[in-house]
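**Q** One structure is given below, represented as structure tokens, and several questions about it will come after.
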Ligand code: NAD
């Protein structure tokens, strides 16, 4: 497999497409945003005129779009890519969308004689740029083996979570926990600072104590504690709060559908809802610390 179409060149998709190209694949890409398309083209990716143009002659299509409605619009219906791709083509959707929608799209792919995987990712924009993403895959094992060389060009860890939609379910469980632990970390750091502690000293203590977690170790929400974290560049880039809100909403929908209790996930969703309503939707999700402390 050599010719790949890549649709959606945002914060994640842009660097992922460039990594594929740099690893020897021939990538034809499309994004509705001219700026995103130009940026990827400057890094060597072919800029297509439309999604159909990108997919023309491609053996596999990868999409990295904001939400389920964008994925459905790309693939389904008379104008969708499923109606245009040759039988046997491989489709990999890396967007984070709800599992039910992923199963619906996978069913339509099967009906069209195509192979489809849901392959949402973890690792953030830094992981996308470094080619160290974790792929959490749902679908047939044989299709995953076909996809493996592509996923290995963009990531480091590949997990097969189960059948169609299972990748999305596992991803949503992870991100619900991430939203909870980021809000909890922000609350703990704010409590310490209000009581005279240096946030860096407190973070160092927590990182070597039982409260340690991914946020304290790699993605600290307090400005100035970690040079390379979004908190130290005004919460620009990274994983936007509105996307975290989307994921917490997906977790809540999943909990409702399956009659599972998710009191902490629901609380985190409410915190992020308020945070986004206060105008912070475009800031990295670690900016939830503003909910607990007034930052300069
Ligand atoms: P983004 O908003 O930066 O990028 C999405 C891109 O899709 C945009 O450039 C937009 O123009 C393009 N787009 C939308 N509809 C399109 C269409 N019909 N055709 C072509 N292009 C279209 O978002 P992102 O941060 O790259 O996230 C993408 C997905 O990855 C989301 O589902 C998100 O939840 C998930 N994700 C993001 C991160 C992160 O850290 N940013 C981490 C893991 C997963």
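The values are calculated or read from the model by the stated rules, or taken from the named source; none is laboratory data. Predicted model, so just to flag it, every value in this text is computed and none were measured. Ideal geometry is used to build each Cβ from the backbone, glycine not excepted, and the neighbour counts take in all protein chains shown.
**Q** Is it true that some residue in region 57-66 is under 21 Å from residue 123 (Cβ atoms), modelled with pLDDT under 95, near the ligand (Cβ under 9 Å from one of its atoms) and surrounded by 14 or more Cβ atoms within 10 Å (Cβ to Cβ)?
**A** yes
**Q** Further question: So, of the residues in region 83-94 that are buried (at least 16 other Cβ atoms within 10 Å of the Cβ) and under 18 Å from residue 140 (Cα atoms), which turns out to be nearest to the ligand (Cβ to nearest atom)?
**A** Result: 94.
**Q** Looking at (1) surrounded by 24 or more Cβ atoms within 10 Å (Cβ to Cβ); (2) within 12 Å of the ligand (Cβ to nearest atom); (3) assigned to a loop (DSSP other than H, G, I, E, B), which one does residue 54 not meet, given that it meets all the others?
**A** Only one criterion in (1) surrounded by 24 or more Cβ atoms within 10 Å (Cβ to Cβ); (2) within 12 Å of the ligand (Cβ to nearest atom); (3) assigned to a loop (DSSP other than H, G, I, E, B) is unmet by residue 54, namely (3).
**Q** Taking region 30-51, which residues are near the ligand (Cβ under 9 Å from one of its atoms) and either modelled with pLDDT under 95 or in a strand (DSSP E or B) (or both)?
**A** Across region 30-51, the qualifying residue is only 30.
Quick grid of which residues meet (1) assigned to a loop (DSSP other than H, G, I, E, B); (2) in contact with a helix residue (DSSP H, G or I) (Cβ under 8 Å, 6 or more places away or on another chain); (3) farther than 22 Å from residue 120 by Cβ:
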position	(1), (2), (3)
196	yes, no, yes
201	no, no, yes
205	no, no, yes
215	no, yes, no
232	no, no, yes
247	no, yes, no
261	yes, yes, yes
276	no, yes, no
293	yes, yes, yes
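Every residue, every condition in (1) more than 22 Å from residue 133 (Cβ to Cβ); (2) touching a helix residue (DSSP H, G or I) at 6+ places or on another chain (Cβ under 6 Å); (3) touching a residue at least 40 places away in the same chain (Cβ under 8 Å); (4) in a helix (DSSP H, G or I), yes or no:
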position: 176; (1), (2), (3), (4): no, yes, yes, yes
position: 183; (1), (2), (3), (4): yes, yes, yes, yes
position: 187; (1), (2), (3), (4): yes, no, yes, yes
position: 223; (1), (2), (3), (4): yes, yes, yes, no
position: 228; (1), (2), (3), (4): no, no, yes, no
position: 242; (1), (2), (3), (4): no, yes, yes, yes
position: 255; (1), (2), (3), (4): yes, no, no, yes
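**Q** Step by step: first the residues of region 1-13, then only those that are under 15 Å from residue 153 (Cβ atoms) and touching a helix residue (DSSP H, G or I) at 6+ places or on another chain (Cβ under 9 Å), then the one that is farthest from the ligand (Cβ to nearest atom). Which residue is that?
**A** Applying the filter and picking the extreme gives 1.
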